[in-house]
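These notes concern the structure reproduced below.
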Amino acid sequence: MLFQKKKKLPAPDRAQLPRHIAVVMDGNGRWAQKRGMPRTFGHSAGSETFQKDAEYLSDLGIEYFTVYAFSTENWKRPPEEVQEILRLLEKYLHKAIREMREKNIRLQFFGDLTPFSQELRALIDETNAISRTTTGMLVSVCLNYGGRAELVRAARLLAEQCVAGTLSPEDIDERRFSGCLYSADIPDPDLMIRPGGEVRLSNFLLWQNAYTEFYFSDVLWPDFDQRQMDAAILAYQQRKRRFGGI
Ligand code: FPP
């Protein structure tokens, strides 16, 4: 069989990079099944892709990288699969703790972390502490995260302040509302990438994606390498963002 040479892509324009890229890491299960392997093999490959892409984006100069690692709906999966995703996450956190300073990466987590083990939460705390000493790209990992749950949580936080008498309902505006989201301290995504062939949002960053540019691809997440990232960024750089204006 003749190998078709992949078309060479130009490098993304570093003067027009998206500040914030968000990704739904979809297609791990299918990637593994295509190879006759269990779905968990795909998650393992997906975790490697996440780490390589994060390093690439950090080197490129991306400031914020947000990934959907585990949704509030993913608990419906077989327990062995859930356990494997959490094991991969723990493995990554151990590695991150060793390497974050050298690679100048910051990490934070969006979602309700209360159902997770003491060990996993201790690792998260450790990465949060290291992140206060580093200054580079901020990786936000969405874990037991759902966009609707995040909005309900924000509404509840504001309601509690109103009941306590520290906030008047008429003072609730978009700025104050977004200040109650997990993403309070970071800008909205400029580019949202969904590999894996599905063309939907799946409860991901519902508020934050209001004016985000979307990039959908049939490539499965484990194969979504630097070249695919370049293609997504180049597509973004062709877009005209109007934010409702003309
Ligand atoms: C979606 O693919 C992927 C997930 C639900 C899990 C993503 C988790 C990881 C990549 C590993 C751990 C994360 C980090 C940040 C180290 P799918 O299983 O729904 O794929 P399918 O649509 O082909 O079934």
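Enumerate the amide H contacts of S183 below 5 Å, restricted to partners 5 or more residues apart or on another chain; note that Pro and chain-start residues carry no placed amide H.
For S183, whose amide H was placed from the backbone, there are no distant partners under 5 Å.
Could you check which residue among G136, G46, G197 shows the biggest mean-square fluctuation in a GNM of the chain with a 10 Å Cα cutoff?
With Cα springs under 10 Å in the chain, the top fluctuation among G136, G46, G197 is at G197.
Rank by packing, highest mean first: peptides 157-168, 183-194, with packing defined as the count of other Cβ atoms within 10 Å averaged across residues.
Working: 157-168: 11.9, 183-194: 20.0.
The packing order, highest mean first, is 183-194, 157-168.
Taking H as built 1.01 Å from N, whose amide H comes closer than 5 Å to the amide H of F109, not counting residues under 5 places away?
Here the answer is V141, since their amide H atoms fall under 5 Å of that of F109.
What are the residues whose amide H is under 5 Å from the amide H of F216, where those residues sit 5 or more places off or on another chain and H is modelled from the backbone?
R194
How many Å² of accessible area per residue for segment 165-236, probe 1.4 Å?
On the way: 3390 Å² over 72 residues.
For segment 165-236, the solvent-accessible area averages 47 Å² per residue.
Using a Förster distance of 45 Å, how high is the FRET efficiency between R227 and E170, based on the Cβ-Cβ distance and rounded to 0.05?
Details: r = 51 Å, r/R0 = 1.13.
Calculated value: 0.30.
Determine the relative contact order of segment 117-246: mean sequence separation of Cα pairs under 8 Å and six or more apart, normalised by residue count, in whole percent.
The value is 21 percent.
Counting only other residues whose beta carbon sits under 15 Å from that of F177, what net charge do I get with K and R as +1, D and E as -1?
Working: positive: R148, R153, R156, R175, R176; negative: E150, E160, E170, D171, D173, E174, D185, D188.
Charge balance in the 15 Å sphere: -3.
Report the trypsin sites (Lys or Arg not before Pro) located in segment 139-246 that are in a DSSP loop and have at most 16 other Cβ atoms inside 10 Å of their Cβ, or state none.
Values: sites: R148, R153, R156, R175, R176, R200, R227, R239, K240, R241, R242; in loops: R200, R239, K240, R241, R242.
Here the sparse-neighbourhood loop sites are R200, R239, K240, R241, R242.
Write out the GluC sites (Glu not before Pro) in segment 165-246 meeting two conditions: DSSP loop, and at most 16 other Cβ atoms within 10 Å of their Cβ.
Values: sites: E170, E174, E198, E213; in loops: E198.
Answer in residue order: E198.
Counting pairs of alpha carbon atoms under 8 Å apart in space and at least six apart in sequence, what relative contact order in percent does the chain give? Please list the in-between numbers first.
Working: 363 pairs, mean separation 69.9, N = 246.
Reported relative contact order: 28 percent.
With each label point set 7 Å from Cα along the Cα-Cβ vector, what nm distance links A155 and K7?
4.6 nm
For T40, T133, write out the residues from largest to smallest accessible area, computed with a 1.4 angstrom probe and no ligands counted.
Details: T40 40, T133 100 Å².
The residues order as T133, T40, largest area first.
Residue by residue through segment 29-44, what is 3J(HN,Hα) from phi via Karplus (6.51 cos²θ - 1.76 cosθ + 1.60, θ = phi - 60°)? Round to whole Hz and write x for glycine and proline.
Result, rounded to whole Hz: x, 5, 4, 5, 4, 4, 9, x, 10, x, 4, 4, 4, x, 5, 5.
W207 accessible area, nearest 10 Å², 1.4 Å probe?
Number for this one is 80 Å².
Multiplying the sequence separation of R30 and A129 by 0.36 nm and subtracting their Cα-Cα distance, what value in nm do you get?
Values: separation 99, 0.36 × 99 = 35.64 nm, distance 3.61 nm.
Fully extending the segment from R30 to A129 adds 32.0 nm.
With a 1.4 Å probe and every protein chain kept in, tell me what percent of the accessible surface of the chain is carbon plus sulfur.
Values: 6930 of 13620 Å².
Reported share for carbon and sulfur atoms: 51 percent.
Quick check for you: which residues of segment 30-69 have the amide N under 15 Å from the point 7 Å beyond the Cα of R14 toward its beta carbon?
56-63
Given Cα pairs under 8 Å that are at least 6 residues apart, what percent is the relative contact order of segment 50-139?
With pairs under 8 Å counted, the relative contact order is 41 percent.
Assuming a ≥ b ≥ c are the square roots of the Cα gyration tensor eigenvalues, decide whether segment 130-246 counts as rounded (a/c under 1.5), prolate (otherwise, with a/b larger than b/c) or oblate. Walk me through the numbers before you get to the answer.
Working: a/c = 2.10, a/b = 1.81, b/c = 1.16.
Here segment 130-246 falls in the prolate category.
Would you mind getting the accessible area per residue of segment 29-96, heavy atoms of the protein chains only, 1.4 Å probe, in Å²? List each step's numbers first, then the result.
Details: 3350 Å² over 68 residues.
Per-residue accessible area for segment 29-96 comes out at 49 Å².
Straight-line reach from K103: which lysines fall under 16 Å, measuring Cα to Cα and dropping same-chain residues less than 8 apart?
Reachable lysines: K52, K95.
Going by alpha carbons, how many degrees (0 to 90, nearest 10) lie between the helix axis of 147-163 and the longest principal axis of the chain?
Long axis of 147-163 versus the principal axis of the chain: about 20 degrees.
Give me the dipole magnitude in Debye, nearest 20, for the chain about the Cα centre, with unit charges on the beta carbon: positive for Lys and Arg, negative for Asp and Glu.
840 debye
Just to confirm the filter: which GluC sites (Glu not before Pro) across segment 1-110 are DSSP coil and have at most 13 other Cβ within 10 angstrom of their Cβ?
Passing sites in segment 1-110 are E73.
The values are calculated or read from the model by the stated rules, or taken from the named source; none is laboratory data. As the structure is a computational prediction, the values presented were derived from the model and not from experiment. Glycine also receives a Cβ, built like all others from the backbone with ideal geometry; neighbour counts cover every protein chain displayed. These area figures cover heavy atoms from the full protein model, side chains too; ligands, DNA and RNA do not enter into them. Shrake-Rupley method; radii C 1.70, N 1.55, O 1.52, S 1.80 Å.
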